[in-house]
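Notes for the one structure printed next.
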Amino acid sequence: MATMGSPSHQLRKDVGHLKYTDLLPYNKDGYAATREFLLKVTELLVEFVKDTHDRNKKILDFHHPAEMLRLLDLDVPDRGLPLQQLLDDCSKTLQYQVKTGHPRFFNQLSCGLDLISMTGEWLTATANTNMFTYEIAPVFILMEHVVLEKMRDIIGFRGGDSILAPGGSISNLYAFLAARHKLFPGYKEKGIHSIAGQLVMFTSDQCHYSVKSCAAVCGLGTDNCVEVPSDERGRMIPEQLEKLILERKARGHVPFFVNATAGTTVLGAFDPLEPIADICHKYRLWLHVDAAWGGGLLLSKKHRHPRLTGIERADSVTWNPHKLMGTLLQCSTVHFKEDGLLISCNQMSAEYLFMQDKLYDVRYDTGDKVIQCGRHNDIFKLWLQWRAKGTEGFEKHMDRLMELAAYMTRKIKSMPDKYHLIVEPEMVNVSFWYVPSRLRGMAHTAEREKILGEITPVLKGRMMQAGTLMVGYQPLDERPNFFRNIISSAAVTEVDVDFLLAELERLGHDL
Ligand SMILES: *Cc1c(COP(=O)(O)O)cnc(C)c1O
């Protein structure tokens, strides 16, 4: 198979022909070849980092799946392949991978390639340990303690407990489970029939779908995840929440859980936490704040208030460092005001892992606090990143992202014929339509919105084919497709925002 010709993709011939059995541990004298192979792979990765930040390089080289299958050799063969082939495989994989750290990638809530965090991920892979016991991950377990305590402190929880989970969706599920356990401790042993009445949870109609999935997974049924209407900017309306709670109570149901979203996935809206906390207090409901997206702004003195004011009144909080903070995928945390709930809720006391007569203080064995068995090490990359940036560096990062989003909003408003801003952003989500030439004279009616909604995916398709820009789109409620631009990468500058707007015009003016 052809190599790319660059010296970093070429092993010395005598090494290139070797097989994995010539490396450690199969060949005890294989260190020299092992070293050469690993350094070559590393060079390839470093080159990818360089290309990722090169504005002259494309973000992606798009092909449809059938064509991609022809371009790649994905076969897993009966006979193993030599090292040069493996290096070529690595190179080709990166060649066709989307560069999510490219300064013109605005597509996802997790963008950017934080190099310190990436270094942490490399070390994590090399250390290759499991996070269930102190016994096999002493340093990483202690790092979890320190970092999670710091995060609780920033939220405003004194004491409490936290865990890293495989994504915000699972973090939300942990909150749900802890809430049910706290309010109905019999459930763990006796199951659903130990609760008299239908459990009901509440969340806004703008929430992340994982909240609804808790209702499906945990036996409530999605009909008992009540969607509370939101205002024109996507924020839950507290009066509607109270009305719906009373309605369900009148039907004999058992409301127990309210999810407030701090930074909604599409619009970046913040539910008003203080009035929602008042309602939860009044009716004795668990308050969970899903700050998977907006949690990063807790680090900014300038932007934390009023958006997250009152978050310390929550019983639990989801916060994804892999989003706004730029930590590498995957890094999600969930925090609890009350200590001891996680262990009491999830403990199964597996005797082969969590023996109580170990050499050390077994409270450091976190494995029995979770519904998983093994846990990936997601802490080191965050810890190392925090060491590098300091809390101050994160604050600067937040303020810069918000500044860029404000810059983009100003730009869009200054060209109302070409771009139609949908809502005034509260965060770094900028929602808008691109208006092609033929629609510029038309009044902004439902009819025009419908056409704009049809144009949006076509323009996105052109973007993907060109490979120069990636911005996401979606419909929302009554609104047809519109672009949702995310600025959450340290690589983005004003120049890239200018490019984005000019590129939409270049690719879409004739639509
Ligand atoms: C992204 C997101 C989630 C889900 O997080 P994953 O890590 O993708 O599972 C949950 N809630 C909100 C508000 C989000 O933006």
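Restricting attention to the stretch 83-98, does a residue exist that is touching a residue at least 12 places away in the same chain (Cβ under 8 Å), closer than 18 Å to residue 326 by Cβ and not basic (Lys, Arg)? Yes, because at least one residue in the stretch 83-98 is touching a residue at least 12 places away in the same chain (Cβ under 8 Å), closer than 18 Å to residue 326 by Cβ and not basic (Lys, Arg).
Quick one: which strands (runs of 3 or more DSSP E) lie wholly within the stretch 380-490 and hold at least 2 residues that are in contact with a Cys (Cβ under 6 Å, 6 or more places away or on another chain) and in the same structural domain as residue 164 (by TED's automatic domain parsing)? Even if it seems obvious, please write down each step before you answer.
Numbers: elements: 419-421, 429-434, 470-476, 479-486.
It comes to none.
Considered as a group, the residues in the stretch 270-317 that are of a type in the set (Asp, Glu) and under 20 Å from the mean Cα position of the chain (by Cα) include one that is surrounded by the fewest Cβ atoms within 10 Å (Cβ to Cβ), and that residue is 271. Considering 133, 126, the condition of being over 22 Å from the mean Cα position of the chain (by Cα), on the phi < 0 side of the Ramachandran plot and surrounded by 20 or more Cβ atoms within 10 Å (Cβ to Cβ) is satisfied by 133 alone. Taken over the stretch 225-269, the residue count meeting the criterion of being under 26 Å from the mean Cα position of the chain (by Cα) and of a type outside the set (Ser, Thr, Tyr) is 22.
Counting only residues that are away from the ligand (no atom under 16 Å from the Cβ) and closer than 29 Å to residue 427 by Cα, the stretch 223-244 holds 12 of them. Identification of strands (runs of 3 or more DSSP E) wholly contained in the stretch 196-272 with 2 or more residues that are among the polar types (S, T, N, Q) yields 199-204, 254-261. Residue check: residue 130 meets all listed conditions (1) closer than 30 Å to residue 338 by Cβ; (2) among the polar types (S, T, N, Q); (3) in contact with a strand residue (DSSP E or B) (Cβ under 7 Å, 6 or more places away or on another chain) but one, namely (3). Looking across the stretch 279-313, just one residue is within 14 Å of the ligand (Cβ to nearest atom), among the hydrophobic types (A, V, I, L, M, F, W, C) and more than 20 Å from residue 397 (Cβ to Cβ), and that is 289.
For (1) of a type in the set (Gly, Ala, Ser); (2) away from the ligand (no atom under 16 Å from the Cβ); (3) surrounded by 14 or more Cβ atoms within 10 Å (Cβ to Cβ), each residue gets a yes or a no:
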position: 330; (1), (2), (3): no, no, yes
position: 333; (1), (2), (3): no, no, yes
position: 343; (1), (2), (3): no, yes, yes
position: 346; (1), (2), (3): no, yes, yes
position: 349; (1), (2), (3): yes, yes, no
position: 352; (1), (2), (3): no, yes, no
position: 358; (1), (2), (3): no, yes, no
position: 363; (1), (2), (3): no, yes, no
position: 367; (1), (2), (3): yes, yes, yes
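Of the residues 376, 335, 288, the single one that is out of contact with any helix residue (DSSP H, G or I) (no Cβ under 6 Å at 6 or more places or on another chain) and closer than 21 Å to residue 161 by Cβ is 376. In summary, helices (runs of 4 or more DSSP H) completely within the stretch 129-190 and bearing 3 or more residues that are among the aliphatic types (A, V, I, L, M), more than 21 Å from residue 214 (Cα to Cα) and more than 16 Å from the ligand (Cβ to nearest atom) occur at 138-155.
The values are calculated or read from the model by the stated rules, or taken from the named source; none is laboratory data. The structure presented is a predicted model; accordingly, all values stated were derived computationally and were not measured. In this analysis, Cβ positions are derived from the backbone assuming ideal geometry, glycine residues included, and neighbour counts consider all displayed protein chains.
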